[in-house]
Structures are given as C-alpha cells and as structure tokens.
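Input: a single structure, listed below in structure tokens.
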Amino acid sequence: MKVLYFGKDSLPEFRNAVITIGAFDGFHKAHQDLIQIVCSQAQRNYGQSVVITFDPHPKLILDQHKENRQLLSTIDEKIQLLSQTNLDYLVIVPFNFEFSQQMPEEYVENFLIRNFKPQTLIIGFDHRFGINSTGDIQLLKQYSDAGRFQLIEFSKKEENHAKISSSSIRKAIQENNFSYVTQHLGRPYCFQGSVVRGRQVGTRIGYPTANLELGNIDKLIPNPGIYAALASYNNTDYDAMLYIGSRPTLGENLKQTIEIHLINFEGYIYGENLEVKIVSFIRPDQKFDHINNMVEQIKKDHVEIELTLSKFHLTYPNIKKNPSIAVAILNYNGESLLRKYIPGVFSHLPSNTTLYVIDNASTDDSLNFLKYNYPEIKRIALQTNYGFAEGYNKGLGQINADYFLLLNSDVEVKSDFITPLLHRIQADPYNMAVQGKIKSLDEPDKYEYAGAAGGLMDILGYTFAYGRMLQNIETDSGQYNLPREIFWSSGASMLINAAMFKSIGGFDVDYFAHQEEVDLCWRIQRAGGKIWFEPRSEVYHLGGGTLEYSQPNKLFLNFKNNLSTIFKNVPYYYLIFLLPVRFILDSLIAIKYLLSGNLKLFSKVVEAYMVSILSTFYLMYKKDAYNLKISSSSIGDGRLKGLLRGSLFIHYYFFNNTTVKKINEHYIQK
C-alpha cells in the first residue's frame, strides 16, 4: 500500500480506480468488509483500489463537544491497520474548516472526479459530505445515473442484531463492555505510549509497572480501573495487568496515570514504546484504608486477570476478521494418494490458508513429489512413523496458525469446503471444532463411515454418527442439512481452534490411530467448548486409505482406545457401573466373532481388554494429567452435546431405529 498526502505528494494517473471515502475511525469490521469489497472490485476491473481519508478527523474540527472528539484510532494507527489489507493507495487529505464549507456538487466535481477519476465509487449508506453535511448518497446517485462513475452502496453491517459503528464502539468502551468492543473491532482496543519513570511503588509491592505517557491527547482512554490486557513489545504480546487512575490510596488529587505490569517479564524498557491491548474490565479504581489491603486486592486481581487472559487466548481466533488457517495432511507412504488428491485440495484453498504435509518418515517418494511439483506446499518431515495421533501432535507443534484444518490424505475436494467451516466456527467464541459432510468417494450419494454428518455417542461410550448407525450407512438425501452441535468431529476433515488443540494436550499419543478425535472432542466439551457440524462443507473420503476397516489391528485400536477414552473422561463413580456393562456387551461382540469362525478378531477384542486392564494405573495417571489440562483450558461450564440418552444397541436392535433420524430427538442431548 502506498500512502499519499494530498497537496504534498503527486497523485498518480488513476485508471479504473475503485474508491471509497471515510474517516474509518477504529477500522472496525464493517470498515474491513468495505475495504475488502473495494479491493475485490478493483481486481475485477483491472484497476487500483483507493481509500480517501482525512487528517485531522473531521469531528475534531467541526464538533465542539469534548466528549464526542475522542478517537478510536490515530492517523498512524489507521495507516498501520490499512497496510495489512490488499489496498493499493491510501490518500490522506488535510481537513480544515474551509474544506468542510464546499458545496456538495463542488466537492464531487472539483475534488473527487477531477483528482481521482473514479470508475467505481463504493460508499456507505450513511455517507455525508459538503457544507453542513448536505451531500448524501442521493446526490451521488445522480452523478452515477449521468454516467460519471459507477456507484455501489455499502449497506450497514450488523452482528448479533447490533449495528457495527464507531459510535457504538465508543459507547461500549465508556460502559466497560470490552467483549463487545473486541467483537466489533475484530481485535482488542489498543493505545500506544512511551515508558517513563514513575514513583517505583509497583516495584516495592512486588508488581513493577511501566508508566505510560501517551502521545495523542485525542485518543479515547478507558475509564479508571483495573483491566486484563496485553502489552506488545518488540512484536511480542505479554499478558499484563493494566491500571488507569489517580492512585487514591497513595494520596489526594494525584494526576491520573496509566501503568501496566507485564506478567512474567524481565527487562529494561524505559524510553521504549508499548502498545496496550485491552481485553477485559476487571473492577473500578478504589481507595483502600491501607496499602497492604491494596496489595491483597492486587493479588486477587492477578488471579482473575490470568484466568481472563487464558480464556481470551483460546477464544480470540473466533473473533479475528482474517484468521490464519493451516491445512495439515498427515502422510505415510502415500505418494499415490497425494498425486491423486492434492491437486483438488490445493485448487480450493482460501487466500488466508497455508497447506502443510506432515510426513511420518515415509520410505516412498512422497516428499520429492511435493518438492518438485508443489513447492508452495510446506513440508514437515518427521524422523519416525509416529502414527496419526502423535504424528499430528509433533507436526502441528511446528505450525503457528489460528486454526488447524486436519485433512486425511485420501480425501477428494471438489469445492471450497473451508470457508463454510470457518463461518461456522466463528459464529460463536465457544465453537472449538467443526466438521462438514464426509461422503463416500466410491458411492458419492452416500455418507462415509468415518464421521458421516457428525459424530454422536451413546451413554455406554459407543460411537456412531448422523448418517451412520453401526454398519448401516445412509444415502445423503438432505436429511441432515441443518447445522447442529455434535459430540465429536471426524479427523478426516476437521477445522479446530489451534490454541485449544495445543492447550488441552492435542491427541492422546498412545492411540496411534482411531478414536483419538473422539477423546479430543470429549475433552474440549468438558472444557466448555462446542463441537459443530456444518452441512455446507462437503468432502469425499476414500475410507480405509490408511487403515482398512476390516483389519484386526483396527479392531484392536478401536476397542482399546475407546476404553481408554471412557476411563479418562468419565468420573470414577460412574465408571463403577459403566465398565461392567461394557465388559458384558463387548464379551458378547467377541463371542459373536468366535462363533462366526473369526478367531483373529475375537483375539483382538480379548487383547484390547488385557492391555487396558494391565494399564489401569497408567490410565489413572493420564486421567489426572488430562483433568489438569482441561481445567487450565476451561472457557466455560463443561457440558456434553450429541450424547444419546440410552443404548445404541437397544435403539438399533429392539426399536429398529436404524438411522439417527428415527430416534426421537428427546433422546439426544442438544
């Protein structure tokens, strides 16, 4: 993006310019959508994308009420935010009283058309200009009808039935509603300042603070109080405790200060610039009878702030406007699958997406194929075949992104399947994972066994899915075309919050493969997260491409890992009743294999139980370890959706409920 100062810099000869005009105070989500439209339209027109803005902000010249003159963003902040877009030109026009006194027609003809020659003008529905704001969208339509430029009206943007606007965000800041502010800005509200020396009171009480001196008096500063915040220094964000106030405990009529304590930070930062990002209001400023009482309260604030920031880090990707997505395909000797299915995946990636292949020490030519045919794909070469669970953990541990899109190497993609998943997961800050329709590549009208239209679990821990009950796999006739919360999302195609994945421990590395996503999603639900099915996303899975369904080893992993999943996630008092019932039912399944002459499958069920029994103390250790991770990753009250109140086998064999659609909705936890 090139920044031009009108009246100082020479303007280029604009051709097919797509232009928008505004103050863009705060550069909130509606502004961001508008700029995205401008850039897209310019690309279609083979022209330039141009934003015209003003400095100083017009309200600083025209509005005499001090409370209305405070700004969400300085001109430098505005430049920095706009530079992160695909904009070609930012033109900053000096605003003064004389400029504001132009007649609307004079503004359009002498300023806009003569200098910028717009091919297309994209303007907000409430845009006003000219003397006393007498120019509006209706006047611009007259010029458009006369063929002077194409006019596109940008309608108001709402989120949760609330109009997104700079004024509503200012009001929310004044009301200490920073969740609203972050949601509508698409980022935390921030301000910048240089670190100056204070009275060193913070150091003496164990909470050294950086005193900030702000450079712009027109910047809106939040109310006095204590805040959970982030402090950005040298391109690194540090968790922080922010204080704004006049320190009433230390004296009367003291000057208001802004002080910030960087948690777990050591370093000399006097004279340095810090950017403060406000996450949440904790409490108002108050006067204490004694400084010791103040210190005790600060300690309590510290605990609350760390909990608040932990939750923020886990939910923030769902608020960001353009989050980064890492599509990760785990590969082991799958060169033939990569050759066949990578082209479709690669051709349907959104712009904010990077494709990774995590290779589990393949002995075929997989990595060379990618190196010479798809150099844009990032390759992570592991030194050992760690299997699905640990292979993903080790590979994803090397990737920084807001979301991971886990995709099997034997999945065919025919359309953009990622954008619908992203829209679904960002619909609620608590949405942590989502899957789309997973259909059979061999029989495209049917669902595929691994996940189908979203995973469920019965009260005894047996898994099934919308579209697949036991071995009965349904044809997709639109019966599951509504988005819904589910119990588990299939690892064949799953978009998951990367921070939550890492915080909660990722996949259980002892699983190697199978049931690892069930265990992961169960833990996420216990931490307060939600798992979703989004029908607008659709992929086609070969199935058995990495581990055949009929293999004895798969059966062993299925039983062993399912028992481990139950043991780790079910309270001990319920395990006393659950495990004996499971043993009886699983024994009947094993006997069925034996009577049918399949001794190998019978032995694998027995082996799974023997391994699980011998691992009891180890499972108890893991249960405690994962409980700690769940506690530290908590974003809300744990609850289980997609749980069948009853037995899968009873519904299937006794009530002939061979599809989920036949089960009364009352029986499934929603």
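The values are calculated or read from the model by the stated rules, or taken from the named source; none is laboratory data. Please read these numbers as outputs of a predicted model, since none were measured by experiment. Neighbour counts run over all protein chains shown; Cβ positions are idealised from the backbone, glycine included.
Remarks
- Matching residues in the range 608-621 - criterion: being within 14 Å of Asn562 (Cβ to Cβ) and either at pLDDT below 95 or in a helix (DSSP H, G or I) (or both): Ala608, Tyr609, Val611, Ser612, Leu619
- Test for Leu314: is it within 21 Å of Tyr403 (Cα to Cα) and either of a type outside the set (Asp, Glu) or surrounded by 13 or more Cβ atoms within 10 Å (Cβ to Cβ) (or both): yes
- Among the residues of the range 148-160, those identified as farther than 24 Å from Ile113 by Cβ and assigned to a strand (DSSP E or B) are Glu158, Glu159.
- Residue ID - modelled with the lowest pLDDT, chosen from residues in the range 622-670 that are among the charged types (D, E, K, R), loosely packed, with under 15 Cβ neighbours inside 10 Å and assigned to a loop (DSSP other than H, G, I, E, B): Lys670
- Counting only strands (runs of 3 or more DSSP E) that sit completely within the range 383-466, those holding 3 or more residues that are small (Gly, Ala, Ser) correspond to 431-440.
- Test: residue in the range 290-299 that is in the same structural domain as Ile217 (by TED's automatic domain parsing) and not in a helix (DSSP H, G or I): yes
- Considering residues of the range 364-389 that are closer than 22 Å to Val509 by Cβ and out of contact with any strand residue (DSSP E or B) (no Cβ under 9 Å at 6 or more places or on another chain) only, the residue surrounded by the fewest Cβ atoms within 10 Å (Cβ to Cβ): Gln383
- Subset of the range 306-343 (residues that are over 21 Å from Leu185 (Cβ atoms) and among the charged types (D, E, K, R)): Glu306, Glu335, Arg339, Lys340
- Of all residues in the range 403-428, those satisfying the criterion of being surrounded by 18 or more Cβ atoms within 10 Å (Cβ to Cβ), in contact with a His (Cβ under 9 Å, 6 or more places away or on another chain) and within 18 Å of Glu335 (Cα to Cα) are Asn408, Asp410, Val411, Val413.
- Positions within the range 343-385 being over 25 Å from the mean Cα position of the chain (by Cα) and of a type in the set (Val, Ile, Thr), in sequence order: Thr363, Thr384
- Applying the set (1) within 14 Å of the chain's Cα centre (by Cα); (2) in the same structural domain as Gly397 (by TED's automatic domain parsing) to Arg339 leaves exactly one unmet item: (1).
- Pairs where the first residue, in the range 401-425, is within 12 Å of Ile325 (Cβ to Cβ) and the second is of a type in the set (Lys, Arg) and outside any helix (DSSP H, G or I), C-beta under 7 Å, 6+ apart: Asp402/Lys320
- Residue within the range 62-75 that is closer than 25 Å to Lys141 by Cα, surrounded by 14 or more Cβ atoms within 10 Å (Cβ to Cβ) and in contact with a Pro (Cβ under 9 Å, 6 or more places away or on another chain) present: no
- Considered as a group, the residues in the range 278-297 that are in contact with a helix residue (DSSP H, G or I) (Cβ under 9 Å, 6 or more places away or on another chain) and at pLDDT 95 or above include one that is nearest to Asn211 (Cα to Cα), and that residue is Ile278.
- Those residues of the range 562-605 which are assigned to a helix (DSSP H, G or I), small (Gly, Ala, Ser) and surrounded by fewer than 16 Cβ atoms within 10 Å (Cβ to Cβ), in sequence order: Ser587
- In the range 207-228, residue nearest to Tyr243 (Cα to Cα) [restricted to those that are in contact with a Lys or Arg (Cβ under 9 Å, 6 or more places away or on another chain) and surrounded by fewer than 17 Cβ atoms within 10 Å (Cβ to Cβ)]: Gly225
- Condition met for Ile131 (under 20 Å from His57 (Cα atoms), surrounded by fewer than 17 Cβ atoms within 10 Å (Cβ to Cβ) and modelled with pLDDT under 95): yes
- Answer residue from the range 222-234, given it is modelled with pLDDT of 95 or more and outside any strand (DSSP E or B) and is farthest from Thr74 (Cα to Cα) among those: Pro224
- The residue list Ala231, Ala172 contains one member that is free of Cβ contacts under 8 Å to residues at least 24 places away in the same chain, under 30 Å from Gln426 (Cβ atoms), surrounded by 17 or more Cβ atoms within 10 Å (Cβ to Cβ) and within 29 Å of the chain's Cα centre (by Cα), which is Ala172.
- Residue in the range 94-103 that is touching a helix residue (DSSP H, G or I) at 6+ places or on another chain (Cβ under 8 Å) and farther than 21 Å from Asp55 by Cβ present: yes
- The one condition in (1) surrounded by 14 or more Cβ atoms within 10 Å (Cβ to Cβ); (2) farther than 21 Å from His31 by Cβ that Glu153 fails to fulfil: (2)
- Only one of the listed residues (Gln200, Gln150) is polar (S, T, N, Q) and outside the structural domain of Ile113 (by TED's automatic domain parsing). That residue is Gln200.
- Meets criteria (in contact with an Asp or Glu (Cβ under 7 Å, 6 or more places away or on another chain) and surrounded by 14 or more Cβ atoms within 10 Å (Cβ to Cβ)) for Gly193: yes
- Of the residues in the range 420-434, not one is of a type in the set (Lys, Arg) and closer than 23 Å to Val357 by Cα.
- Residue among His313, His302 that alone is in contact with a helix residue (DSSP H, G or I) (Cβ under 8 Å, 6 or more places away or on another chain) and in a helix (DSSP H, G or I): His313
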